[in-house]
Amino acid sequence: MRLFLRNCAKLSSSCKEIRIHLCQTSEASKGARDFVQQLYPKVKKDNPKLPILIRECSGVQPMLWVRSEFGKETSYSLTGQKSSDILKQIESL
């Protein structure tokens, strides 16, 4: 886990907003909850001006939404992913 914390870099300037939707209790959202608890602070510290929104809703499927230049939005399913996999997904943006 610490390896990912050290290697987290600034995200591309074309990334304008990140939203993470997750459920507070479901097993499918466990990786998303772990990401928010363990890795989100480092990502936010490395990207202080980038809006990173966390949305919790009971029963929702975990999703990563990325808004890029010109308002283009892309979504990625986070169902069953580990927190490290979510970090890799965000870093690949």
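What the table below lists for this structure:
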item: Restricting the stretch 67-86 to residues that are closer than 18 Å to Gly31 by Cα and hydrophobic (A, V, I, L, M, F, W, C), the residue that is modelled with the highest pLDDT; result: Leu78
item: Hits in the stretch 62-78 (condition: surrounded by fewer than 15 Cβ atoms within 10 Å (Cβ to Cβ) and not in a strand (DSSP E or B)); result: Glu69, Phe70, Gly71, Lys72
item: Any hit, the stretch 80-88, residues being touching a Gly at 6+ places or on another chain (Cβ under 6 Å) and open to solvent by 30 Å² or more (accessible area, probe 1.4 Å); result: yes
item: Positions within the stretch 34-52 being open to solvent by 50 Å² or more (accessible area, probe 1.4 Å) and either more than 10 Å from Glu17 (Cα to Cα) or of a type in the set (A, V, I, L, M) (or both), in sequence order; result: Gln37, Gln38, Tyr40, Pro41, Lys42, Lys44, Lys45, Pro48
item: Residue among Lys49, Lys16 that is modelled with pLDDT under 95 and not in a loop (DSSP other than H, G, I, E, B); result: Lys16
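The values are calculated or read from the model by the stated rules, or taken from the named source; none is laboratory data. As the structure is a prediction and not an experimental result, all values here were calculated from the model. We place every Cβ from the backbone using ideal geometry, glycine too, and count neighbours over all the protein chains shown. The protein model used for the area step is the full one, side chains on, heavy atoms only, and it has no ligands, DNA or RNA in it. Shrake-Rupley method; radii C 1.70, N 1.55, O 1.52, S 1.80 Å.
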